[in-house]
Amino acid sequence: MKVLKWLDRYGEEVLISLLLAVIVLLMTIQVIMRYCFSNSLSWSEELSRYLFIWFTFLGISYSIRYNLHLKVDIIYNLLPKYRPYLMAISDFLFLVYLLYMIEPGFRMLNTLKNTGQTSTAIKIPIYIVYASLLTGYLLAILRLAQKYLQKYKEGRQSDGEMTKS
């Protein structure tokens, strides 16, 4: 149970940290190979690109978990009284988009898997790269659900405390 709680709390953080570290390492090795040995690696750029794609889509759920996603703050700042409602509307619209993208995402993965297409340099199945989109979106849906379940629980607890006094 502790492992699941740890994964829930730090899963994306550890994964995106590892992905970023590998990207930096690969690009450093590539620069050293190119400029010091006049010989570049044929696969490092492609692998770095694919890792960055995974990094980006895993970052969506991470940003939702810690409320770090990009937003246009001008509306929130102009209407501070309505900020919680505007944030809820924004999250709801994002959830609608995520849910809408699930079915095409599965369809795209199935198509890519059936074609057997592989990447140019490292020859991995290309559907593995595209699975990042679906994985990121599913994790984002999970994190949005967790966010509002937590708010609901906090609201119920504060309502209970108010009736006890």
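We did not get these values from a lab; they are worked out from the coordinates using the rules stated. Given the structure is predicted, the values throughout are model-derived calculations rather than measurements. A quick note on method: Cβ atoms are made from the backbone with ideal geometry, for glycine too, and the neighbour counts reach across all protein chains shown.
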Which of the helices (runs of 4 or more DSSP H) contained wholly in the range 43-162 include at least 3 residues that are over 22 Å from Gly11 (Cβ atoms), over 17 Å from the mean Cα position of the chain (by Cα) and charged (D, E, K, R)? 83-115
For the range 17-42, enumerate the residues that are of a type in the set (S, T, N, Q), in contact with a helix residue (DSSP H, G or I) (Cβ under 6 Å, 6 or more places away or on another chain) and either assigned to a helix (DSSP H, G or I) or under 19 Å from Gly136 (Cα atoms) (or both). Gln30
Let me spell it out: the conditions are (1) more than 30 Å from Ile122 (Cα to Cα); (2) touching a helix residue (DSSP H, G or I) at 6+ places or on another chain (Cβ under 9 Å), and Val14 meets all of them except one. Which number is the exception? (1)
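Check the range 3-18 and report whether any residue there is among the aliphatic types (A, V, I, L, M), without any contact (Cβ under 8 Å) to a residue 40 or more places away in the chain and in contact with a Phe, Trp or Tyr (Cβ under 6 Å, 6 or more places away or on another chain). Explain how you work it out, then say what you get.
Here is the first cut: in the range 3-18, the ones among the aliphatic types (A, V, I, L, M) are 3-4, 7, 14-16, 18.
Next, only the ones that are without any contact (Cβ under 8 Å) to a residue 40 or more places away in the chain stay: 3-4, 7, 14, 18.
From the residues that got through so far, the ones that are in contact with a Phe, Trp or Tyr (Cβ under 6 Å, 6 or more places away or on another chain) too are none.
Scanning the range 3-18, I find no residue that is among the aliphatic types (A, V, I, L, M), without any contact (Cβ under 8 Å) to a residue 40 or more places away in the chain and in contact with a Phe, Trp or Tyr (Cβ under 6 Å, 6 or more places away or on another chain), so the answer is no.
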Here are the criteria: (1) touching a Lys or Arg at 6+ places or on another chain (Cβ under 6 Å); (2) over 30 Å from Leu25 (Cβ atoms). Tell me which single one Leu99 does not satisfy. (1)
Where Val14 falls short, out of the listed (1) of a type outside the set (Asp, Glu); (2) more than 15 Å from the chain's Cα centre (by Cα); (3) assigned to a helix (DSSP H, G or I): (2)
Is one or more of the residues making up the range 41-61 surrounded by 15 or more Cβ atoms within 10 Å (Cβ to Cβ), touching a Phe, Trp or Tyr at 6+ places or on another chain (Cβ under 7 Å) and among the charged types (D, E, K, R)? no
